[in-house]
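What follows is calculated from the coordinates using simple rules that are stated; it is not laboratory data. On a predicted model such as this, the values are computed, not experimentally measured, just so you know. Every residue, glycine among them, receives a Cβ derived from its backbone with ideal geometry; neighbour counts consider all protein chains shown.
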Ligand SMILES: Nc1ncnc2c1ncn2[C@@H]1O[C@H](COP(=O)(O)OP(=O)(O)OP(=O)(O)O)[C@@H](O)[C@H]1O
Ligand code: SF4
Ligand SMILES: [Mg+2]
């Protein structure tokens, strides 16, 4: 049994005209204890919606159409709000792109982290205050006891995100879910903050789902990688498999667009075209309109390719690429 098992998760909404719009389509993922899974894909591919569904945080009109999310074997889809609230923060720590979605602007930072502790742990106030200072110290906040009394607006963006990491780690979660945790920050503090996050995770040996556009971060931190395109997982494997021997045409394109894979005289490569919006997804393979290997004869444009697991554990949703592997 995996720590987290997402099976055929399909998420979307129903339009006023009664039509179903699918945003996340039959996504399956698994996460083992202590492992880092990176979820990668262009904007709009469904990374955030997938993880919001896992956390039970979808907001109207979004809903889970079908599929399963199991945490330690327990089904979370359809679980009551109280169960989900208890899990979030205790077992599932969350770090979103904008720290202000997690911090309350009118409460002192220390009080907020203390409350996160109080909700999930039985402890007296003094113990909690000591723990808050320890947590802030662990994420590199100088003079943490003093700083804990400040309000979020008195902290820089990078410091606020450190506070969010401290809050996410407060109850030693089994899984950290970090959705582009450094993208909103100044480039100069991004690497620093990622290092703080990675260190906090390693200390507690939490597993992590890291959503990122940055293949550099993937190479540095991932154990396994799931590549998403147009709401589906198109390839999944270990970080070595994805970087060394990926075969899905979309993964190949993504990798090629990584700076460094072209010579100095060549312009940076970008996959031609753009992903289809959820309301206009093609009938067959979502990538077909942009795929240089698309082949009518192989039914690329008429059949949605299934994600097939190969002998080496890699999963690929592209019949020609499966043959080539
Ligand atoms: N509340 C909503 N109502 C309707 N469509 C939505 C809603 N939230 C997200 N979507 C759509 O669902 C699709 C997937 O969105 P999602 O936010 O998961 O993408 P993403 O992969 O996280 O992208 P990014 O890298 O930009 O964060 C997008 O087309 C988005 O426009
Ligand atoms: S299934 Fe066809 S269109 Fe889709 S990625 Fe593979 S070759 Fe390209
Ligand atoms: Mg997102």
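For the chain, the longest principal axis of the Cα atoms and the long axis of helix 187-204 meet at an angle of about 80 degrees.
What translational diffusion coefficient, in µm²/s and rounded to a whole number, does the Stokes-Einstein relation yield for segment 43-149 at 20 °C and a viscosity of 1.002 mPa s, taking the hydrodynamic radius as the Kirkwood radius over Cα pairs? Answer from the Stokes-Einstein relation: 134 µm²/s.
Straightening the chain between residue 204 and residue 312 buys 35.9 nm, computed as 0.36 nm per residue apart minus the Cα-Cα spacing.
Dividing the helix sum by the residues of the chain, where each DSSP H run of 4 or more adds -39500 (n - 2.57), gives a mean residue ellipticity at 222 nm of -9500 deg cm²/dmol. Histogrammed with a bin width of 5 Å, the alpha carbon distances of segment 170-325 distribute as 2, 8, 16, 17, 18, 16, 11, 7, 4, 1, 0 percent, first bin at zero. Counting only Cα atoms, the chain measures 70, 51, 39 Å along its principal axes, largest extent leading. Based on the Stokes-Einstein relation at 4 °C and a viscosity of 1.567 mPa s, and on the Kirkwood radius from alpha carbon pairs, segment 149-188 is assigned a translational diffusion coefficient of 114 µm²/s. For residue 220 and residue 98, the FRET efficiency from 1/(1 + (r/R0)^6), where r spans their Cβ atoms and R0 equals 22 Å, is about 0.45.
Relative to the first principal axis of the alpha-carbon coordinates of the chain, what is the inclination of helix 109-120, with its axis defined by its Cα atoms, in degrees from 0 to 90 and to the nearest 10? For helix 109-120, the angle is close to 80 degrees. Relative to the dominant Cα principal axis of the chain, helix 81-90 is inclined by about 80°. Model label sites at residue 187 and residue 299, defined 7 Å from Cα along the beta-carbon direction, differ in position by 4.6 nm.
A simple packing score, the average count of other Cβ atoms within 10 Å per residue, orders the peptides 120-130, 219-229, 98-108, 199-209 as 219-229, 199-209, 98-108, 120-130, with the highest score first. The alpha-carbon atoms of segment 160-208 define a convex hull whose volume equals 60 cubic angstrom per residue. So what is the diffusion coefficient of segment 91-183 in µm² per second by Stokes-Einstein at 37 °C and 0.692 mPa s, using a Kirkwood Rh over Cα pairs? The calculation lands on 253 µm²/s. The calculated FRET efficiency for residue 149 paired with residue 86, based on their beta-carbon distance and R0 = 25 Å, is about 0.30.
For segment 271-325, the alpha-carbon radius of gyration amounts to 1.18 times the rule-of-thumb value 2.2 N^0.38 Å expected for a compact globular protein. Its residue count N fixes a reference of 2.2 N^0.38 Å for segment 67-128, and the Cα radius of gyration divided by that reference is 1.34.
Annotation: Cα Rg of segment 1-83 relative to the compact-globule expectation 2.2 N^0.38 Å equals 1.11.
Between residue 19 and residue 42, the FRET efficiency from the beta-carbon distance, with R0 = 25 Å, is close to 0.55.
For the pair segment 1-63 / segment 199-217, the C-alpha centres are spaced 19 Å from each other.
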